[in-house]
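These notes are about the structure you will find just below.
Each reported figure results from applying straightforward, stated rules to the coordinates on display, with no laboratory input. Here the structure is a predicted model, which is why all the values come from computation and not from measurement. All Cβ positions, even for glycine, are placed from backbone atoms using ideal geometry, and neighbour counts span all protein chains on display.
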């Protein structure tokens with residue numbers, strides 16, 4: 001059962017940037033043409049994985065989602081996103097012990113084919129960009145600084 005959750009089915013990039021002022025960034029994103037989608041509370045439970053791998057269970061609005069990421073040259077490849085039942089989540093937690101739980105406020109925007117999320121939690125504020133591919137022009141268009149890119153998940157800061 002566990003092996004079925006570890007297979008690959010998504011091929012997108014995720015980039016994480018550190019943010020100093022979340023509210024200022026949110027206003028900047030709208031000014032630059034990003035479209036607000038939603039704001040939600042979520043809980044992320046990170047499960048034990050080898051270096052370079054991220055496995056987490058995201059709970060939002062009563063729904064559970066398994067997210068598997070792989071570090072790749074300064075970006076995170078989204079390898080798997082799959083809805084989970086409570087039993088499946090419990091089985092995963094028994095197989096891979098939880099290493100961290102974060103309570104997030106997530107504000108989601110879209111910009112063309114890119115999903116942007118401003119994530120605020122006890123680790124700080126972060127911006128994630130997720131799409132099939134994220135070109136350099138996006139940083140310029142949205143006035144984002146590439147030197148703020150994290151090389152790993154913010155959970156490991």
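Here is how the numbers come out for the structure above:
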| quantity | calculated |
| --- | --- |
| FRET efficiency, 1/(1 + (r/R0)^6) with R0 30 Å, evaluated for residue 28 and residue 85 via beta carbons | 0.15 |
| Fewest-first sequence of 35, 15 by Cβ atoms within 10 Å of each Cβ | 35, 15 |
| Principal axes of segment 62-107: Cα extent on each, largest first, Å | 34, 27, 20 |
| Cα-projected label distance for residue 133 with residue 105, points at 7 Å along beta-carbon direction, nm | 3.7 |
| Cα pair count fraction exceeding 26 Å, expressed as % - the chain | 24 |
| For the chain: relative contact order, % (alpha-carbon pairs under 8 angstrom, 6 or more apart) | 33 |
| Spacing of the two label points (7 Å from each Cα toward its C-beta) at residue 141 and residue 98, in nm | 3.9 |
| Alpha-carbon centroids, segment 105-157 and segment 50-73: separation in whole Å | 16 |
| Proxy reagent accessibility, fewest Cβ within 10 Å first, across 153, 85 | 85, 153 |
| Sum of -39500 (n - 2.57) over DSSP H runs of 4+, divided by residues of the chain (222 nm, nearest 500) | -5000 deg cm²/dmol |
